[in-house]
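To start, the structure under review is shown below, and the notes come after it.
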Amino acid sequence: MNLQSIADRLYETDVLVVGGGTAGCPAAWKAAKNGLDVIMIEKNHTARSGHCAQGIDTNLNFPRPGVPLKLHVADWQKRHHMFYGEGKFCDPNIGWVTFEKAYWALKQMEDMGCEMRWEKGPDGKVLFIPNMFFGGDENQIAVHWRNIKRDMYNACLKAGVKVLNRIMLIDLLTENGRVIGATCYDTREGSFIVIMAKVVIMAAGPLARTYDSETPMFYKYKYRYHGAPGALSGDGLAAAYRAGAELVNMDIGNCWFYRLRDDILMPIGQVFHRDGVNGRWTDYEGNQYPPIATARLYAELEEAGKTPVFLSQTHLNEDYQKRIEVATADERMVSLKLSEDRGFNPAEHRYEIQPMHLHNFATACGIVVDETFESNTLKGLFAVGDIAAALSSCGPAVTSGMIVGEAMPEYIKNAHLDKQGNVDMNQITAAKAIVDRYASTPDGCNPIELEASVRYISTVYISQYKQANKLKVGQQRLNSLRREFYDNMDGSNPHHLMRCLETRNIMDMQQVHIDACFSRPETRGNYTWQGTWERDPARDDMLTYQRMENGKPVLEIRHVPELKEKYVNSPDDAEIECADLYWDELKKESERK
Amino acid sequence: MKLELKPGDYESKFEFPILKLIRQKAEELDISYCAAADIVVPEYQKTVRYRDHEFEHEVMMSNDAEFKQAIQEYYERKE
């Protein structure tokens, strides 16, 4: 059997970018601009996919003038305490590179056609604003509500990137510890695709579908992709892990909540960014309480019979409501109709604070990379954007994508990748067998139902308050689901088959998650181990690393890397590339204050 | 400080202004809601003072002041 006979479509390219989001597009665009053949695959449609597809109002992670980069990096590491608690969770060298190249990437972004200035024109004013969520420093810029994804998509097409929409990654192809391509699936036509590439850039986003979807809250309108079924099933993470890439921090979920009671969490009381409105919470009678809800305060209220408590949006201004309407009408008009039918009135509605749970893996979790964004265990695999450990949000996603795209011609030359790797037909037939198996199992389990069951296990048995017995039961339940249904899902049409592949990835990643949790029977990051309530300070800066070696999972607990000597010893006033183009404005703004 | 709560009024139904406009446009031109939304949404968006920096700052500050007062009142009440 040869490659041509097994693949419905076969491509050869220099660079394969997996995921056409805010990191993937810049990587593809930059590599194509540098003269390489680039193919970008996207499970959805590139013009409308990804976290930034509903527009962005800010872009962050810009170092301030006159502040040494190492202080920015230290602050960046410290900022993660807000989400994860004490200790270090991210490689500072990654932080350094994203700060150092932030203004350069901003310039590239403008070249791509994304309007990043407050005032129109190439010399228009750049508006630096405080990052209200993390507090204080003016390290982000405000931009007009921009759907940068359309701009990026058009730029990619113009640069000659071959964009393949509705194509999903199945598995990576490897040869002697190096990635040489990928197997993919067309989610509309159902065809099996093989793409041979010298380098693969993974930009498939984080994993958000291991837990039940988020509890709806008003401030999440802008962030509703967290619970969106159309994305973030961890396809990139799972494929990279199966191929031998190392993942880190997979014990830590993302949770933007305070703990009020063991089963009740309160969202951090802030409507994001520059909206200018704080979240408020009240008891049933409408009495307001301090913004930082605490377990003690909640206990007092409970004792006084004043619970349940509510989050209120009655104070939000008309513009805020209008913005939500616009975003909703633009994307899912039916939600407005349903809300009306159910008697929802945004000016009066209050949300009861109810049991909430983890919802996402982000920022600290993901593929382990060095400062060139190449995987530390799998050569030729680069990870950019949210899927890479330590990266999160639009700014670092674009920066990492641009850096990798820029470095590709040199990398391919230095690694002597002048011809494609040799294909191991076993890897391709294995991927094809998975597709064929799901396609020929019409009596199998509905993958959508199975996904719900798998996510329920995480919510109930893993969650934020961990316990060995709970985890064991979770593992048993996952085992039984895997045994029954992992190979037995109904993929009788292309959409269902895509969901089968997604559920396969979610199950694999849930196993990684459970393994990671078992490895750390201690209170750590943002979770509590019931019974061992104290943190272990000696292991504060130690992270859990996981990878597959010869088909077996390997787990190591190691120290987070230190900032490299060359960065520690760099001069405090070292020039930051392209900063001059933007700093003038920031300086003026600082002086004004 | 108490948030002002209106009693639930289930007699009059709340309508999202944007949906109302979309319905009207769809009926007027005899087109689908989706096609009408393409016409209505960009126009409606222009009525949002979304990037009025001064305005946002003002609202933020007044909210903040009001909020601090609410907290102060809470602790005074406690004492």
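The values are calculated or read from the model by the stated rules, or taken from the named source; none is laboratory data. Since this is a predicted model, take the numbers as computed values, not measurements. A quick note on method: Cβ atoms are made from the backbone with ideal geometry, for glycine too, and the neighbour counts reach across all protein chains shown.
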*A:Glu86 assigned by TED's automatic domain parsing to the domain that holds A:Lys158 and over 22 Å from A:Asp151 (Cβ atoms)*: no
*asked:* Suppose we filter region A:100-131 for residues that are of a type in the set (Lys, Arg) and at pLDDT below 80; how many remain?
replied: 1
*modelled with pLDDT of 95 or more, in a helix (DSSP H, G or I) and surrounded by fewer than 14 Cβ atoms within 10 Å (Cβ to Cβ), is that true of A:Ala430?*
yes
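Just for region B:10-19: of the residues that are outside any helix (DSSP H, G or I) and within 8 Å of chain A (Cβ to nearest Cβ), which one is modelled with the lowest pLDDT? Break it down stepwise before answering.
First, the residues of region B:10-19 that are outside any helix (DSSP H, G or I): B:10-16.
Within this subset, residues satisfying the condition of being within 8 Å of chain A (Cβ to nearest Cβ) are B:10, B:13-16.
Values: B:Tyr10: 55, B:Lys13: 78, B:Phe14: 84, B:Glu15: 89, B:Phe16: 90.
Looking at residues that are outside any helix (DSSP H, G or I) and within 8 Å of chain A (Cβ to nearest Cβ), I get B:Tyr10.
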*Please work out if A:Gly421 is buried (at least 16 other Cβ atoms within 10 Å of the Cβ), in contact with a helix residue (DSSP H, G or I) (Cβ under 7 Å, 6 or more places away or on another chain) and modelled with pLDDT under 95.*
no
*How about region A:180-202: which of its residues are surrounded by fewer than 21 Cβ atoms within 10 Å (Cβ to Cβ) and among the basic types (Lys, Arg)?*
A:Arg188
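Quick one: is A:Tyr545 farther than 29 Å from A:Gln77 by Cβ and of a type in the set (Ser, Thr, Tyr)? Even if it seems obvious, please write down each step before you answer.
On the way: farther than 29 Å from A:Gln77 by Cβ: no; of a type in the set (Ser, Thr, Tyr): yes.
No, not satisfied.
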*Residue list for region B:69-79, restricted to those being part of a helix (DSSP H, G or I) and at pLDDT 65 or above*: B:Gln69, B:Gln72, B:Glu73, B:Tyr74, B:Tyr75, B:Glu76, B:Arg77, B:Lys78
_For region B:43-60, give me the residue count where each residue is at pLDDT 80 or above, at the interface with another protein chain (Cβ under 9 Å from one of its Cβ atoms) and assigned to a helix (DSSP H, G or I)._
2
_Complete set of residues in region B:20-42 that are of a type in the set (Val, Ile, Thr) and either loosely packed, with under 15 Cβ neighbours inside 10 Å or outside any helix (DSSP H, G or I) (or both)_ = B:Ile31
_Residue identified as in contact with a Ser or Thr (Cβ under 8 Å, 6 or more places away or on another chain), at pLDDT 85 or above, among the small types (Gly, Ala, Ser) and surrounded by 18 or more Cβ atoms within 10 Å (Cβ to Cβ) among A:Gly177, A:Gly234, A:Gly205_ = A:Gly234
*For region A:473-514, name all the residues that are in contact with a strand residue (DSSP E or B) (Cβ under 7 Å, 6 or more places away or on another chain) and either charged (D, E, K, R) or not in a helix (DSSP H, G or I) (or both).*
A:Asn488, A:Met489, A:Asp490, A:Glu502
_Where a residue in region A:540-557 is of a type in the set (Lys, Arg) and its partner, wherever it lies, is surrounded by 17 or more Cβ atoms within 10 Å (Cβ to Cβ) and assigned to a loop (DSSP other than H, G, I, E, B), with Cβ under 7 Å and at least six apart_ = A:Arg547/A:Gly244; A:Arg547/A:Ala245; A:Arg547/A:Glu246; A:Arg547/A:Thr377
*Lone unmet requirement of (1) hydroxyl-bearing (Ser, Thr, Tyr); (2) in a helix (DSSP H, G or I); (3) closer than 30 Å to A:Pro63 by Cβ for A:Ser392*: (2)
